[in-house]
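Everything on this sheet refers to the single structure shown next.
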Amino acid sequence: MTYLFPDVSGDFVVWQQDCTIPTCPAAAANIQAKNLVTGQQDDVANGSAPRISGTRVLYVSVSGANLMLRDLATMAPPTVVATVPSGWSIQDPRIDGDRIAWAETQGVSTWRIVTTRIGETPTQVARGTTMGFGGIGLAGDELVYVQGPTSIVADDLATGTLTRISANPYDQDVTTNGHYVFWSTFGPATNANDQRRDIVGYDLQTGSAFTVVQNAGWNGLPATGGDLVTWMHGQPPSVEIHATSISDVLPSAPQPNPATTSPDWLYFPETQHYLSFGFKDFWLANGGLPVFGYPMTEEFSELNPDQGKLFTVQYTERQRFEYHPELSGTPYEVELGRLGAEDAAARHLTTTAPFQPLSPTTGSDANCTFFKGDGSSRLLRLPRLLAGARAGSWAGQHGLPAVAGAVRLSDLGGVHGPQTGLVTQYFERAVFEYHPNNPAPYKVELRRLGADLLAQRGW
């Protein structure tokens, strides 16, 4: 007996079972459903690829030409949801609540993706003629699918918002829980069959890509729901089902202590994360722990809000390190994220009085140094004050304002940090906070912007 396409919703599990040998027990239907509370098992229908939401089971008919729906609560006869023309077949049905989605394929390359709500007219949302069909995922109104060799699309059907995720040729098995997207991708060959597949993930809310499992043989068919992600490890006849909490595979998940040392990396038991290679060198050369704090994540890819590209990044308590390969060999190969500017914009501070430019004739004095922008960008044209008495000595000791960013976004006077009451000053890449009760030289510290951002995204 072969068991395929298991799916679960509430107390019900459905699956497809196929008999390939004469001694298999006869069954009235190869799609079965079982109530895990009562133990009752029912014959649902003959078909393939069952999916369940609540008590409604969606499946493909034996011919492959009809998409069918049956309600376990009433066990009324199945109804036809959709029918495809001759030469076409239905694949990968998905159901969540009253939202249904599926793929219609012709041959090995022509495909289209269709969605509807139960009882409404189906709508085509995508089609393609290359690279075959790479699978779809559905959670609420969030529909994800592979489109072409280099793109995975997340389509918010309620708002019409499309998010395009960079992909590699032959990426497939895409799935989503509405917040995260997971799929399988080819990696460099590591076994006798010259195949390796890894599982990767993507955070739709932050544009962050990360690895779930890598360099561990063949892994595929990920599935996700709630805070869990599962996948199939190995190939028949030796197959295992692996499952883990999503929080355990995020870049912020703690890493084990290696109990070894290397000149290429540093391990920090305080946060259970590494700093490696270029990021480690930058951290050491520009102030280390007092300036940046401990690493809070491992390296991962994140969508740069200014350039619209994925870059390798790593978060520390107070900053985001960014690797820019296009600047390789220059002092700017590693840059800091514009966290001060991003935080000010997110808090709607940029139109307040402290953020408005001062007169170009403003002068410096014993306590304050006036900085004129160099005109290289809109922000750099805005003259700002930097308080020398409060920040100057700290800045000089730790290489600031170079580390904070050459652009002063706000004047110090009258700016108080949200929820802290501390006097603050915003820089392009940092926020200075004045802590009058701290011992020198810690009266001026950088806000923990990196840690704050990770907390906001739930990492």
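The values are calculated or read from the model by the stated rules, or taken from the named source; none is laboratory data. Keep in mind the model is a prediction, meaning the values are calculated, not measured. Cβ sites come from the backbone with ideal geometry, for glycine too, and all protein chains shown count toward neighbours.
See the values below:
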| read-out | value |
| --- | --- |
| Selection status of Leu327, over 24 Å from the mean Cα position of the chain (by Cα) and closer than 27 Å to Ala167 by Cα | yes |
| Top-ranked residue of segment 145-186 - restricted to ones that are in a loop (DSSP other than H, G, I, E, B) and of a type in the set (S, T, N, Q), ranked as surrounded by the fewest Cβ atoms within 10 Å (Cβ to Cβ) | Thr159 |
| Trp231, sole failed condition from (1) outside any strand (DSSP E or B); (2) surrounded by 20 or more Cβ atoms within 10 Å (Cβ to Cβ) | (1) |
| Criterion (closer than 23 Å to Tyr202 by Cα and either more than 24 Å from the chain's Cα centre (by Cα) or free of Cβ contacts under 8 Å to residues at least 60 places away in the same chain (or both)) met by exactly one of Val146, Val62, Val81 | Val146 |
| Qualifying positions in segment 278-305 - within 24 Å of the chain's Cα centre (by Cα) and among the polar types (S, T, N, Q) | Thr297, Ser301, Asn304 |
| Counted residues, segment 114-142 - those being more than 11 Å from Thr175 (Cβ to Cβ), hydrophobic (A, V, I, L, M, F, W, C) and touching an Asp or Glu at 6+ places or on another chain (Cβ under 8 Å) | 5 |
| Residue in segment 443-459 that is surrounded by 19 or more Cβ atoms within 10 Å (Cβ to Cβ), at pLDDT 70 or above and charged (D, E, K, R) present | yes |
| Long-range neighbours under 8 Å by Cβ, at least six apart or interchain, first residue closer than 12 Å to Arg320 by Cβ within segment 446-459, second among the aliphatic types (A, V, I, L, M) and modelled with pLDDT of 95 or more | Gly450/Met296; Ala451/Met296; Leu454/Met296 |
| Subset of segment 292-333 [of a type in the set (D, E, K, R) and either buried (at least 17 other Cβ atoms within 10 Å of the Cβ) or not in a loop (DSSP other than H, G, I, E, B) (or both)] | Glu298, Glu299, Glu302, Glu317, Arg318, Arg320, Glu322, Glu326 |
| Output for segment 149-177, where each listed residue is closer than 14 Å to Arg112 by Cβ and either of a type outside the set (Asp, Glu) or in contact (Cβ under 8 Å) with a residue 60 or more places away in the chain (or both) | Val153 |
| Qualifying residues in segment 201-217 (those that are at pLDDT 90 or above and closer than 24 Å to Leu4 by Cβ) - the one surrounded by the fewest Cβ atoms within 10 Å (Cβ to Cβ) | Val213 |
| Tally, over segment 238-280, of residues that are in contact (Cβ under 8 Å) with a residue 12 or more places away in the chain, in a strand (DSSP E or B) and surrounded by fewer than 11 Cβ atoms within 10 Å (Cβ to Cβ) | 1 |
| Positions within segment 251-276 being at negative phi and of a type in the set (A, V, I, L, M, F, W, C), in sequence order | Ala253, Trp265, Leu266, Phe268, Leu275 |
| Residue among Ile90, Ile95 that is buried (at least 18 other Cβ atoms within 10 Å of the Cβ), closer than 30 Å to Val44 by Cα and touching a Gly at 6+ places or on another chain (Cβ under 7 Å) | Ile90 |
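The rows are residues; the columns are (1) in contact (Cβ under 8 Å) with a residue 24 or more places away in the chain; (2) of a type outside the set (Val, Ile, Thr); (3) in contact with an Asp or Glu (Cβ under 8 Å, 6 or more places away or on another chain).
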| residue | (1), (2), (3) |
| --- | --- |
| Phe282 | yes, yes, no |
| Glu298 | yes, yes, no |
| Leu303 | yes, yes, no |
| Lys309 | no, yes, no |
| Gln314 | yes, yes, yes |
| Gln319 | yes, yes, no |
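One line per residue, one yes/no per condition, for (1) among the charged types (D, E, K, R); (2) touching a residue at least 12 places away in the same chain (Cβ under 8 Å); (3) in a strand (DSSP E or B):
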position	(1), (2), (3)
Met68	no, yes, yes
Thr74	no, no, no
Gly87	no, yes, no
Asp92	yes, yes, yes
Ile100	no, yes, yes
Gln124	no, yes, yes
